[in-house]
1. Give just the number: which of (1) over 30 Å from Q89 (Cα atoms); (2) at pLDDT 95 or above; (3) not in a helix (DSSP H, G or I) does H4 not satisfy?
2. Across the stretch 41-98, which residue is nearest to T26 (Cα to Cα) among those that are polar (S, T, N, Q), over 17 Å from the mean Cα position of the chain (by Cα) and within 16 Å of the ligand (Cβ to nearest atom)?
3. Could you list all residues from the stretch 60-98 that are in contact (Cβ under 8 Å) with a residue 24 or more places away in the chain and either hydrophobic (A, V, I, L, M, F, W, C) or assigned to a loop (DSSP other than H, G, I, E, B) (or both)?
4. Collect the residues in the stretch 27-40 that are in a helix (DSSP H, G or I) and either in contact with a helix residue (DSSP H, G or I) (Cβ under 6 Å, 6 or more places away or on another chain) or surrounded by 14 or more Cβ atoms within 10 Å (Cβ to Cβ) (or both), keeping them in residue-number order.
5. Might you let me know whether the stretch 3-18 holds any residue that is without any contact (Cβ under 8 Å) to a residue 24 or more places away in the chain, surrounded by fewer than 16 Cβ atoms within 10 Å (Cβ to Cβ) and within 16 Å of the ligand (Cβ to nearest atom)?
6. What are the pairs, 6+ residues apart or on separate chains, where a residue within the stretch 21-40 that is touching a residue at least 40 places away in the same chain (Cβ under 8 Å) and outside the structural domain of E9 (by TED's automatic domain parsing) has its Cβ under 9 Å from a residue that is among the charged types (D, E, K, R) and surrounded by 14 or more Cβ atoms within 10 Å (Cβ to Cβ)?
7. What is the one condition in (1) more than 13 Å from the chain's Cα centre (by Cα); (2) at pLDDT below 95; (3) of a type in the set (D, E, K, R) that K32 does not satisfy?
Amino acid sequence: MGRHYTEEEELQGYLNSIIERIEDETALGITKLFIKKGMKALSDKQKYVFKTKVLDAFLIKECHNCGIPISDYEEMEYILDNGICSSCQYDWDKNYQD
Ligand SMILES: [Zn+2]
């Protein structure tokens, strides 16, 4: 109960939930290794691929529509699904409701 997750564990959980979006086979393999064993299991070369092909692509820093900074993984996943953040989606829905 109330277990505290480390940053790495949270990142592992996030990547695990979006893993089917990673199409590059090398990046996918490295991501699976990271989820299983953590950053310390990756070689320098793997870390580089992990950063450029996984983190840069899937760690979303801000909503490209409104520019709001994104820090939680739920919202990142939301943007991957919808292309915009939940508050942009809310405004969109409000404007086009009637
Ligand atoms: Zn937005």
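The values are calculated or read from the model by the stated rules, or taken from the named source; none is laboratory data. From a predicted model like this one, the values you see are computed outputs, not experimental measurements. Using ideal geometry, Cβ is built from the backbone for each residue, glycine included, and neighbour counts are taken over all protein chains shown.
1. Among (1) over 30 Å from Q89 (Cα atoms); (2) at pLDDT 95 or above; (3) not in a helix (DSSP H, G or I), H4 violates only (2).
2. Taking the candidates together, the pick is N65.
3. Of everything in the stretch 60-98, those that are in contact (Cβ under 8 Å) with a residue 24 or more places away in the chain and either hydrophobic (A, V, I, L, M, F, W, C) or assigned to a loop (DSSP other than H, G, I, E, B) (or both) turn out to be C63, M76, L80, C88.
4. A27, L28, I30, T31, K32, L33, F34, I35
5. Checked the stretch 3-18: no residue is without any contact (Cβ under 8 Å) to a residue 24 or more places away in the chain, surrounded by fewer than 16 Cβ atoms within 10 Å (Cβ to Cβ) and within 16 Å of the ligand (Cβ to nearest atom).
6. Taking only residues 6 or more apart or on different chains, not a single pair turns up.
7. For K32, the failing item is (2).
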